[in-house]
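Okay, structure first, notes after.
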Ligand SMILES: NC(=O)c1ccc[n+]([C@@H]2O[C@H](COP(=O)([O-])OP(=O)(O)OC[C@H]3O[C@@H](n4cnc5c(N)ncnc54)[C@H](OP(=O)(O)O)[C@@H]3O)[C@@H](O)[C@H]2O)c1
């Protein structure tokens, strides 16, 4: 399938981001990649005939540079950048809270803000996809910092969806634990992975392709009447209890 769609993907070097980029490339979407690690972006960009910008989202000047290098118009924007800080309240520092907020929430806001002129120039309805977490709607111990930051992403999704309609749609995906470099940090052993998988009604952990498939759909014209939604892709973790 070929299209004239152009999209900007932050976190393109990550597990979910890179899987999504491959799906979009196969659909004929032209991509601009943004990320932190040059080696990952350079090889992906070469494979996908994409352009790219390297930088860190804690540097606010990065966003203007990305927007300029991505160019106009843009039909889609994805912010698949994130952290997982799982630590008790006693062990969390001010720096942990601020970094989680900057990387997950403020970065998402600045990514949309700087890309907005290009998104408004889309010939159709442009689509933004952000990443929240199951930890934004469920209370989990040791998730105070990441839960707070991802809760901000969910609220940002709703506010921007209202403010940018009808020209731009804004939705978020809320994953449960997913096997990517980020998720693997929490999986000390296969035994631990199996015990966490068993907490999900569907009895497995997430895979990058589970998130990427929904992101690709939300970016497509087939999703043109969906905005302001925070959609759990979580094996049932946010809504179902199969025991007790
Ligand atoms: N995996 C899970 O269990 C899970 C659960 C809930 C929500 N999520 C969310 O899903 C989204 C995608 O995550 P993922 O699972 O694909 O994780 P991932 O594979 O680790 O990808 C995250 C990406 O964020 C980039 N990144 C992190 N800090 C950055 C910074 N300061 N500046 C620039 N880039 C930075 C990483 O860059 P490098 O490649 O250079 O490291 C990486 O490419 C994130 O928003 C995450 O919070 C994931």
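Nothing in this text is a laboratory measurement; each read-out follows from the coordinates by a stated rule. Nothing here was measured: the structure is a model prediction, and the numbers come from that model. All Cβ positions, even for glycine, are placed from backbone atoms using ideal geometry, and neighbour counts span all protein chains on display.
At 25 °C and a viscosity of 0.890 mPa s, what translational diffusion coefficient does Stokes-Einstein give for the range 120-191, taking Rh as the Kirkwood radius over Cα pairs? Give it in µm²/s as a whole number.
Details: Rh = 13.9 Å.
Approximately 177 µm²/s, per Stokes-Einstein.
What whole number of Å gives the distance from the Cα centroid of the range 10-62 to the Cα centroid of the range 72-122?
16
Two decimals is fine: what's Rg over Rh for the chain, C-alpha atoms, Kirkwood radius as Rh?
Radius of gyration over Kirkwood radius for the chain works out to 0.96.
Helix 38-48 against the longest principal axis of the chain: what's the angle in degrees, Cα atoms only, rounded to the nearest 10?
Roughly 60 degrees between the two axes.
Which translational diffusion coefficient, to the nearest whole µm²/s, is obtained for the range 64-175 from the Stokes-Einstein equation, given a Kirkwood hydrodynamic radius over C-alpha pairs, 10 °C and 1.306 mPa s?
So the translational diffusion coefficient is about 109 µm²/s.
Using a 10 Å cut-off on Cβ atoms, rank the peptides 173-182, 124-133, 232-241 from the highest mean neighbour count down.
Ranked by mean Cβ neighbours within 10 Å, highest first: 124-133, 173-182, 232-241.
Taking the 0 to 90 degree range and rounding to the nearest ten, how far is the long axis of helix 15-26 tilted relative to the main principal axis of the chain, both from C-alpha atoms?
40
What percent does the relative contact order of the range 143-207 come to when contacts are Cα pairs within less than 8 Å and at least six residues apart?
Dividing the mean separation by the residue count of the range 143-207 yields 25 percent.
Determine, for 120, 150, 40, the number of other Cβ atoms within 10 Å of each Cβ, and report the residues in order from fewest to most.
So the ranking, lowest neighbour count to highest, is 120, 40, 150.
One quarter of the convex hull surface, Cα atoms only: what value does that give for the range 1-134 in nm²?
Seen from a random direction, the Cα hull of the range 1-134 projects 8.5 nm² on average.
In whole percent, what relative contact order does the chain give with Cα contacts below 8 Å and a gap of six or more residues?
Once divided by the residue count of the chain, the mean separation gives 19 percent.
Students often get this wrong: which residues of the range 214-244 have the backbone nitrogen under 11 Å from the point 7 angstrom along Cα-to-C-beta of residue 199?
237-238
Give me Rg/Rg_expected for the range 57-115, where Rg uses Cα atoms only and Rg_expected = 2.2 N^0.38 Å with N residues.
Here the Cα radius of gyration is 1.34 times the empirical estimate.
Order of 138-149, 184-195 by packing, highest average Cβ count within 10 Å first?
Taking the mean over residues of other Cβ atoms within 10 Å, the ranking is 138-149, 184-195.
Given R₀ = 25 Å, FRET efficiency for residue 186-residue 95 by Cβ-Cβ distance, to 0.05?
In this case the efficiency is close to 0.75.
With everything on Cα atoms, drop me the angle between helix 107-120 and the longest principal axis of the chain, reported from 0 to 90° to the nearest 10.
30
Output the Kirkwood hydrodynamic radius of the range 102-233, Cα pairs only, in Å rounded to one decimal.
15.7 Å is the Kirkwood radius here.
Efficiency by 1/(1 + (r/R0)^6): what FRET value for residue 165 and residue 121, r their Cβ-Cβ distance, R0 = 22 Å, to the nearest 0.05? Numbers along the way, then the final one.
Working: r = 17 Å, r/R0 = 0.76.
About 0.85, to the nearest 0.05.
With each run of n ≥ 4 DSSP H residues scored as -39500 (n - 2.57), what mean residue ellipticity at 222 nm is computed for the chain after dividing by its residue count and rounding to the nearest 500 deg cm²/dmol?
The helix contribution divided over the chain gives -12500 deg cm²/dmol.
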